[in-house]
1. Using a 7 Å offset from the Cα along the Cα-to-Cβ direction at both R51 and Q114, what is the distance between the two label points in nm, to one decimal?
2. So if each residue of separation counts as 0.36 nm, and I subtract the Cα-Cα distance between T158 and A59, what length gain in nm does that give?
3. Once both labels are modelled 7 Å past Cα along the beta-carbon direction, what's the E66-T86 spacing in nm?
4. Please give the contour-minus-distance gain from D142 to D125: 0.36 nm per residue of separation, less the Cα-Cα distance, rounded to one decimal in nm.
5. Return the percentage of antiparallel bridges among DSSP beta bridges fully within segment 33-148, rounded to the nearest 5 %.
6. Take the Cα gyration tensor of segment 114-153, multiply each eigenvalue by 5, square-root it, and list the three semi-axes largest first, rounded to whole angstrom.
Amino acid sequence: MSPSDAPHMPGSLPDTGTGHREVRPGTALVRLETTHDRRGVLDGAWWPRSRDIGAELPALVSALTEHIGPVTRVGLDAGAWEYLPTRMVIDDRVVHLDSFPVGDGTVLVTRGEQDHFSLLVIPPDATPEAAHAAMAAAVRTDDARPAEQILLDTGATTPPPGPAPGPASGTAEEAARSVRKTEPGA
């Protein structure tokens with residue numbers, strides 16, 4: 001059976017034949033099933049080809065809109081993109097863009113007025129192996145790691161340069177940051 005002959009489940013992106021083994025820049029992998037709990041922090045992952053939001057976002061929004069309905073708003077990390085407008089017209093619809101200096105490696109997609117999907121953003125320069133590992137982790141319902149940690153653990157990104165860690169380096173700060181990231185609404 002070819003990928004185009006495979007049955008398409010409503011509410012999910014179709015299998016394009018690339019599967020999880022051959023991810024490449026421009027790929028979005030999204031878990032769109034409804035669950036009764038939120039053990040997993042993320043709903044999926046996106047690996048843009050560049051940091052040019054005008055070139056990258058339309059394809060993501062178009063693919064999501066086709067399968068989940070109109071995307072009305074996208075929240076992005078201001079530091080991760082070259083330039084962020086406040087809105088874009090994609091497929092003849094206005095999509096509002098919110099930018100925040102969060103630095104957490106995610107994009108928040110809003111469908112309608114209140115349905116939110118949180119996607120891990122794989123850095124464009126990540127290796128295919130690291131991107132594959134990060135995307136696989138992002139769609140696991142039992143993975144509660146924050147996006148930043150998934151990117152570090154899979155090698156999709158490297159830690160920022162900083163002072164060499166000392167004996168008690170940052171333990172309280174890291175713990176506080178971790179709690180803030182995992183609390184609802186954080």
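None of the figures in this text is laboratory data; all of them are computed from the coordinates on show. Note that the coordinates shown come from a computational prediction; the quantities given were computed from them, not determined experimentally. Don't worry about glycine lacking a Cβ; one is built from the backbone with ideal geometry, like all the others, and counts go over all protein chains shown.
1. 3.7 nm
2. Value of the extension gain: 32.9 nm.
3. Those two pseudo-labels are separated by 3.2 nm.
4. Working: separation 17, 0.36 × 17 = 6.12 nm, distance 2.70 nm.
This chain segment gains 3.4 nm when fully extended.
5. Numbers: 15 of 23 bridges.
So the antiparallel bridges in segment 33-148 amount to around 65 percent.
6. Equivalent ellipsoid semi-axes, largest first: 18, 12, 9 Å.
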